[in-house]
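*Asks:* My questions will all concern the structure given below.
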Amino acid sequence: MQTFSLALEEFRRGGIVLLLDQANMGYLILAAECVTATAAAFMVANGTGGFQLATTAVEQNWEIPNPNLPSFEISIATKAWPMQLTEPADIATEVARNSGMALAVLLRSLLPQDALAFAVRHNLPTLTFEDLNRHRLRNEAELDLVAVADLPTPHSDRPFRVHSYRSQFGGIEHLALVSHGESIGAPLVRIHSECLTGDAFGSMRCDCGPQLDESLRQLGASLGGILIYMRGHEGRGIGLANKMLAYALQDQGMDTIEANHALGFPADARDFAHAAQILRALGHGTVRLLTNNPEKASSLQRHGITVSSVEPLVIPPNPFNLHYLETKAKKFGHALPSKATAPGADCAALPLAQPDSAGLCS
């Protein structure tokens, strides 16, 4: 899935991606919100036939931000789940949805030629229709509830009720820990990505272990609070061994994002579709989210869960994770302090770092 994730990241940054259908016919696609004169000229020079705006019925009135673009037709995507998608407009909007972009994509057929050779020549990332359909099966297939049991912990005076789920595709397993009682309104929810080094070994290179403990403490004190423990998210989705490779590069001076990129991975390869499915299975369509990461809220909302509020979960830095936390604040836009002078500093009182000005489409 590495090629898939890299293609999504390029699309998110406003790059052109080449889609290949079952017959290896190529389509040039570009996020409608990222159209530039240069990108439009490339699609004019290398495409054939008319331009299409692949979109949904909800967003069909989208306006392309480039007035010099040739006229285009609107193609409404159907997203006929659970059937496999075969239409370019459906596939193009799936790319946008998985990239976190608006569901409006500029689409044009590639001139007849060897599409893969064209992609190599112009350094374009490629995705096949099969890639998208396989990803949907992996991330949107129904989860099976395996068991429900009590789980006493030191974080609450009453046991959590633990729900275990297993994906029908790939067998990945997640847990949902639900505190006693019934929430009044939207429940407080924490989505925690697994981190063996932090959660089990107490690694001080990250803030995962303390965040897990503090989350369980707050959720245990909240009626019907929910912690969803996401397996398969180690190292923001790159896996445990690759995370160790990234650590080795960080030891040489790279930050966490630079290390992921040096290994050929996107900055963040996680997906939260299963978390949304678990929340729906537990009967919740609206939540209060305990996180510092704005992308978690955005991802849940892309998957149909309303986030009524975002509540911070800031852990004081230590000498080993200070640079890591500053990187998350500056480059990921996390609601974290930009600087702290000593371990145990009052993070909540410190100014928040602003994300880099180079955001989406940069």
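The values are calculated or read from the model by the stated rules, or taken from the named source; none is laboratory data. None of these values were measured; they are calculated from a predicted model. Methodologically, a virtual Cβ is constructed for each residue, glycine included, from the backbone with ideal geometry; neighbour enumeration extends over all protein chains shown. Each accessible area value is taken on the protein alone, full model and side chains, heavy atoms only, with ligands, DNA and RNA left out. Shrake-Rupley method; radii C 1.70, N 1.55, O 1.52, S 1.80 Å.
*Asks:* Could you grab me the full set of residues in the range 221-248 that are open to solvent by 50 Å² or more (accessible area, probe 1.4 Å) and outside any loop (DSSP other than H, G, I, E, B)? I'd like the intermediate steps shown before the answer.
*Replies:* Narrowing the range 221-248 to residues open to solvent by 50 Å² or more (accessible area, probe 1.4 Å): 221, 223, 231, 240-241, 244-245.
The answer is Leu240, Ala241, Met244, Leu245.
*Asks:* Another question, if that's okay. Could you pull out the residue among Phe160, Phe201 that is in contact with a helix residue (DSSP H, G or I) (Cβ under 9 Å, 6 or more places away or on another chain) and without any contact (Cβ under 8 Å) to a residue 12 or more places away in the chain? Full working, then the answer.
*Replies:* On the way: Phe160 fails: without any contact (Cβ under 8 Å) to a residue 12 or more places away in the chain.
That would be Phe201, the only listed residue that is in contact with a helix residue (DSSP H, G or I) (Cβ under 9 Å, 6 or more places away or on another chain) and without any contact (Cβ under 8 Å) to a residue 12 or more places away in the chain.
*Asks:* From the residues in the range 1-47 that are of a type in the set (S, T, N, Q) and closer than 28 Å to Asp268 by Cβ, which one is least open to solvent (accessible area, probe 1.4 Å)? Can you show your working first?
*Replies:* Within the range 1-47, the subset of a type in the set (S, T, N, Q) is 2-3, 5, 22, 24, 36, 38, 46.
Then drop every residue that is not closer than 28 Å to Asp268 by Cβ, which leaves 2-3, 5, 36, 38.
Values: Gln2: 78, Thr3: 90, Ser5: 25, Thr36: 69, Thr38: 112 Å².
Top of the filtered list is Ser5.
*Asks:* Only one of (1) crowded, with 19+ Cβ neighbours inside 10 Å; (2) closer than 23 Å to Gly285 by Cβ is not met by Gln168, so which one is it?
*Replies:* Unmet for Gln168, out of (1) crowded, with 19+ Cβ neighbours inside 10 Å; (2) closer than 23 Å to Gly285 by Cβ: (1).
*Asks:* In this structure, does Asp157 turn out to be at pLDDT below 95 and over 28 Å from Ser71 (Cβ atoms)?
*Replies:* Working: at pLDDT below 95: yes; over 28 Å from Ser71 (Cβ atoms): yes.
It is true that Asp157 is at pLDDT below 95 and over 28 Å from Ser71 (Cβ atoms).
*Asks:* Also, quick follow-up: Filtering the range 278-296 down to residues that are assigned to a helix (DSSP H, G or I), modelled with pLDDT of 90 or more and open to solvent by 10 Å² or more (accessible area, probe 1.4 Å), which residue is nearest to Ser167 (Cα to Cα)?
*Replies:* Within the range 278-296, the subset assigned to a helix (DSSP H, G or I) is 278-281, 294-296.
Now restrict to residues that are modelled with pLDDT of 90 or more: 278-281.
Applying the additional criterion that residues be open to solvent by 10 Å² or more (accessible area, probe 1.4 Å) yields 280-281.
Numbers: Arg280: 15, Ala281: 13 Å.
Within the range 278-296, the match that is nearest to Ser167 (Cα to Cα) is Ala281.
*Asks:* Residue check: is Gly264 assigned to a loop (DSSP other than H, G, I, E, B), over 20 Å from Glu194 (Cα atoms) and modelled with pLDDT under 90?
*Replies:* Details: assigned to a loop (DSSP other than H, G, I, E, B): yes; over 20 Å from Glu194 (Cα atoms): yes; modelled with pLDDT under 90: yes.
Considered against the rule, which asks whether it is assigned to a loop (DSSP other than H, G, I, E, B), over 20 Å from Glu194 (Cα atoms) and modelled with pLDDT under 90, Gly264 comes out as yes.
*Asks:* Take the residues in the range 116-168 that are of a type in the set (D, E, K, R) and in a helix (DSSP H, G or I); name whichever of them is nearest to Phe4 (Cα to Cα).
*Replies:* In the first step, residues of the range 116-168 are kept if they are of a type in the set (D, E, K, R); the result is 121, 130-131, 134, 136, 138, 140, 142, 144, 150, 157-158, 161, 166.
When the remaining residues are screened for being in a helix (DSSP H, G or I), the result is 121, 130-131, 134, 136, 138, 140.
On the way: Arg121: 19, Glu130: 11, Asp131: 7, Arg134: 11, Arg136: 12, Arg138: 13, Glu140: 16 Å.
Out of the qualifying residues, it is Asp131.
*Asks:* Is it the case that the range 17-39 has a residue that's in a helix (DSSP H, G or I), more than 14 Å from Leu53 (Cβ to Cβ) and modelled with pLDDT of 90 or more?
*Replies:* Just the residues of the range 17-39 that are in a helix (DSSP H, G or I), to begin with: 32-34, 37-39.
Then keep just the ones that are more than 14 Å from Leu53 (Cβ to Cβ); that gives 37-39.
Then drop every residue that is not modelled with pLDDT of 90 or more, which leaves 38-39.
Yes, that holds for at least one residue.
*Asks:* With the checklist (1) assigned to a strand (DSSP E or B); (2) among the hydroxyl-bearing types (Ser, Thr, Tyr); (3) under 24 Å from the mean Cα position of the chain (by Cα) in hand, flag the one item Ser5 doesn't pass.
*Replies:* Here Ser5 clears every test but (1).
*Asks:* Within the range 249-258, restricting attention to residues that are surrounded by 12 or more Cβ atoms within 10 Å (Cβ to Cβ) and within 18 Å of Ser203 (Cα to Cα), which residue is nearest to the chain's Cα centre (by Cα)?
*Replies:* In the first step, residues of the range 249-258 are kept if they are surrounded by 12 or more Cβ atoms within 10 Å (Cβ to Cβ); the result is 249-250, 254-258.
Still in the list and also within 18 Å of Ser203 (Cα to Cα): 249-250, 255-256.
Numbers: Leu249: 23, Gln250: 23, Asp255: 20, Thr256: 17 Å.
Here the residue is Thr256.
*Asks:* May I pose another question? Has the range 203-210 got at least one residue that is in contact with a Ser or Thr (Cβ under 8 Å, 6 or more places away or on another chain), of a type outside the set (Gly, Ala, Ser), at pLDDT below 95 and open to solvent by less than 20 Å² (accessible area, probe 1.4 Å)?
*Replies:* Taking the range 203-210 and keeping what is in contact with a Ser or Thr (Cβ under 8 Å, 6 or more places away or on another chain), we get 203, 205-206, 208-209.
Subset that is of a type outside the set (Gly, Ala, Ser): 205-206, 208.
Checking which are at pLDDT below 95 leaves us with 205-206, 208.
With open to solvent by less than 20 Å² (accessible area, probe 1.4 Å) added as a condition, the list becomes 206.
Checking the range 203-210: at least one residue is in contact with a Ser or Thr (Cβ under 8 Å, 6 or more places away or on another chain), of a type outside the set (Gly, Ala, Ser), at pLDDT below 95 and open to solvent by less than 20 Å² (accessible area, probe 1.4 Å).
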